[in-house]
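**Student:** Got a structure for you, written out below as structure tokens; questions coming shortly.
The values are calculated or read from the model by the stated rules, or taken from the named source; none is laboratory data. Just so it is clear, the model here is predicted, and its values are computed rather than measured. Quick reminder, even Gly has a Cβ in these numbers, built from the backbone with ideal geometry, and neighbours come from all protein chains shown.
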Amino acid sequence: MATWLDMCEPDEADLATISEELGLHRLAVEDAVQEHQRPKLDHYESHLFLSAYVAFVNPETERLGTSEISVFITPSALVTVRKNHSFDIDQVVARWDTNADLAKSGVAFLLHGVLDYIVDTHIDAAQLLDERIEQVEEALFAKDVDLKPVQRRSYRLRRSLMALRKVAGPMREVLEGVQRHGAAHLVDKPMRPYYADVQDHVLKTTGRIESLRDLVATLRETELTVQSNQLNVIMKQVTSWAAIIAVPTLITGFYGQNVTYPGINTEWGFWVSTLVIIVASVGLWWSFRRRGWL
């Protein structure tokens with residue numbers, strides 16, 4: 001039978017007792033207390049030390065949140081050290097209860113529950129980001145789209161995706177390290193398919209994240225293209241109205257010269273010039289309207 005000990009927000013003094021009893025390395029204990037460790041698996045003479053993060057996306061702000069956990073893996077005990085209460089250890093316990101028939105595998109069984117929960121949070125975060133990126137894509141091609149909120153949202157999703165990549169990407173090396181070490185010491189034969197399944201989920205998640213990064217980059221290029229097209233439309237509209245305004249300016253300017261012209265100093269000459277202005281302006285407006293410039 002294996003022993004599990006869970007600690008939340010401990011300091012070095014809290015870890016000192018179990019450190020002596022389990023023979024934990026001093027550097028591993030320091031890493032367990034310090035925050036913002038990179039996801040990794042360190043090999044020591046008597047145990048393994050694992051550092052990883054669960055990930056979750058705030059549905060309202062679309063920002064990625066993480067919670068760090070450190071794990072000491074010994075032949076007879078598993079010690080989980082949570083940096084805060086955001087790591088839902090009850091979800092891990094629920095996985096152990098679901099697969100209680102595998103409990104005879106000891107530490108390998110306990111560690112699998114922790115890793116499975118961590119990787120599942122990465123999958124859920126990637127799924128939510130994927131759905132939100134699709135919404136941005138649909139909004140980008142909507143009629144009369146306002147690019148400012150779309151660009152801000154796209155930037156937030158890109159940053160969340162990058163943050164998820166930092167915590168999910170290294171899990172591939174972590175799983176490979178566990179299985180390499182566990183081939184002879186930790187992971188017994190009944191547990192190997194379960195670890196392989198978790199590793200498969202890791203590979204799928206990292207591949208999905210990379211695909212989403214490419215999609216976000218494509219969306220950014222599309223945003224610039226749409227912005228350029230909107231600018232072209234505005235330029236067409238401005239140019240069209242300038243052309244329409246130029247007609248009465250030209251005619252009134254011509255008649256304002258000190259030269260003799262048909263209808264000078266007559267009422268009908270005034271009405272003819274006015275009619276020419278109206279007809280020419282309306283004609284240009286209709287022509288530009290038909291071409292979609294106005």
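**Student:** Run T66 past the list (1) closer than 18 Å to A108 by Cα; (2) touching a strand residue (DSSP E or B) at 6+ places or on another chain (Cβ under 8 Å); (3) in contact (Cβ under 8 Å) with a residue 60 or more places away in the chain; (4) not small (G, A, S) and report the number of the one that doesn't hold.
**Tutor:** So the condition that T66 fails would be (1).
**Student:** Same structure, new question: Out of everything in the stretch 105-124 that is of a type in the set (D, E, K, R) and more than 21 Å from L215 (Cβ to Cβ), what residue ends up being surrounded by the most Cβ atoms within 10 Å (Cβ to Cβ)? Walk me through it before giving the result.
**Tutor:** From the stretch 105-124, those of a type in the set (D, E, K, R) are 116, 120, 124; that's our starting set.
Still in the running and more than 21 Å from L215 (Cβ to Cβ): 116, 120.
On the way: D116: 19, D120: 16.
Checked the stretch 105-124; the qualifying residue surrounded by the most Cβ atoms within 10 Å (Cβ to Cβ) is D116.
**Student:** Among the residues of the stretch 138-157, how many are free of Cβ contacts under 8 Å to residues at least 60 places away in the same chain and either surrounded by 12 or more Cβ atoms within 10 Å (Cβ to Cβ) or touching an Asp or Glu at 6+ places or on another chain (Cβ under 6 Å) (or both)?
**Tutor:** Final tally of qualifying residues: 2.
**Student:** Just the residues that are outside any strand (DSSP E or B) and of a type in the set (D, E, K, R), please, taken from the stretch 5-32. Can you show your working first?
**Tutor:** In the first step, residues of the stretch 5-32 are kept if they are outside any strand (DSSP E or B); the result is 9-32.
E9, D11, E12, D14, E20, E21, R26, E30, D31 - these are the residues of the stretch 5-32 that are outside any strand (DSSP E or B) and of a type in the set (D, E, K, R).
**Student:** Those residues that are surrounded by 20 or more Cβ atoms within 10 Å (Cβ to Cβ) and at pLDDT 90 or above, I need them from the stretch 165-180; list them, please.
**Tutor:** At the first step, the residues of the stretch 165-180 found to be surrounded by 20 or more Cβ atoms within 10 Å (Cβ to Cβ) are 167-168, 171, 174-175, 178.
Selection gives V167, A168, M171, V174, L175.
**Student:** Name the residue that is surrounded by the fewest Cβ atoms within 10 Å (Cβ to Cβ), counting only residues in the stretch 236-275 that are at pLDDT below 65 and farther than 24 Å from W286 by Cβ.
**Tutor:** Taking the candidates together, the pick is N258.
**Student:** Still on this structure, please answer the following. Right, Q127: surrounded by 14 or more Cβ atoms within 10 Å (Cβ to Cβ) and without any contact (Cβ under 8 Å) to a residue 24 or more places away in the chain or not?
**Tutor:** Values: surrounded by 14 or more Cβ atoms within 10 Å (Cβ to Cβ): no; without any contact (Cβ under 8 Å) to a residue 24 or more places away in the chain: yes.
Answer is no for this residue.
**Student:** Quick test of your reading of the structure: N58 fulfils all but one of (1) surrounded by 15 or more Cβ atoms within 10 Å (Cβ to Cβ); (2) polar (S, T, N, Q); (3) without any contact (Cβ under 8 Å) to a residue 12 or more places away in the chain. Name the failing condition by number.
**Tutor:** Among (1) surrounded by 15 or more Cβ atoms within 10 Å (Cβ to Cβ); (2) polar (S, T, N, Q); (3) without any contact (Cβ under 8 Å) to a residue 12 or more places away in the chain, the lone unmet condition for N58 is (1).
**Student:** Something else about it: Could we say that D197 is assigned by TED's automatic domain parsing to the domain that holds G65 and free of Cβ contacts under 8 Å to residues at least 12 places away in the same chain here? Quick ask: steps written out before the conclusion?
**Tutor:** Working: assigned by TED's automatic domain parsing to the domain that holds G65: yes; free of Cβ contacts under 8 Å to residues at least 12 places away in the same chain: yes.
So D197 passes the test.
**Student:** Quick check, is T222 modelled with pLDDT under 90 and in a helix (DSSP H, G or I)?
**Tutor:** Numbers: modelled with pLDDT under 90: yes; in a helix (DSSP H, G or I): yes.
Yes; evaluated as a whole, the condition is true for this residue.
**Student:** So is S46 in contact (Cβ under 8 Å) with a residue 12 or more places away in the chain, out of contact with any Cys (no Cβ under 8 Å at 6 or more places or on another chain) and surrounded by 15 or more Cβ atoms within 10 Å (Cβ to Cβ) or not?
**Tutor:** Working: in contact (Cβ under 8 Å) with a residue 12 or more places away in the chain: yes; out of contact with any Cys (no Cβ under 8 Å at 6 or more places or on another chain): yes; surrounded by 15 or more Cβ atoms within 10 Å (Cβ to Cβ): no.
No.
**Student:** Only one of (1) in a loop (DSSP other than H, G, I, E, B); (2) crowded, with 17+ Cβ neighbours inside 10 Å is not met by L41, so which one is it?
**Tutor:** The single condition L41 does not satisfy is (1).
**Student:** Now for a different question. Residue by residue through the stretch 70-104, note down the ones that are surrounded by fewer than 21 Cβ atoms within 10 Å (Cβ to Cβ), of a type in the set (S, T, Y) and out of contact with any Leu (no Cβ under 7 Å at 6 or more places or on another chain).
**Tutor:** Scanning the stretch 70-104 gives S76, S86, T98.
**Student:** Name, by its number, the condition in (1) closer than 17 Å to L15 by Cα; (2) not in a helix (DSSP H, G or I) that does not hold for E62.
**Tutor:** Only one criterion is unmet by E62, namely (1).
**Student:** Within the bounds of the stretch 69-79, is there any residue that is among the hydrophobic types (A, V, I, L, M, F, W, C) and at pLDDT below 90? Lay out the reasoning, then the answer.
**Tutor:** Going residue by residue through the stretch 69-79, those that are among the hydrophobic types (A, V, I, L, M, F, W, C) are 69, 71-73, 77-79.
From what is left, the residues that are at pLDDT below 90 are none.
Checked the stretch 69-79: no residue is among the hydrophobic types (A, V, I, L, M, F, W, C) and at pLDDT below 90.
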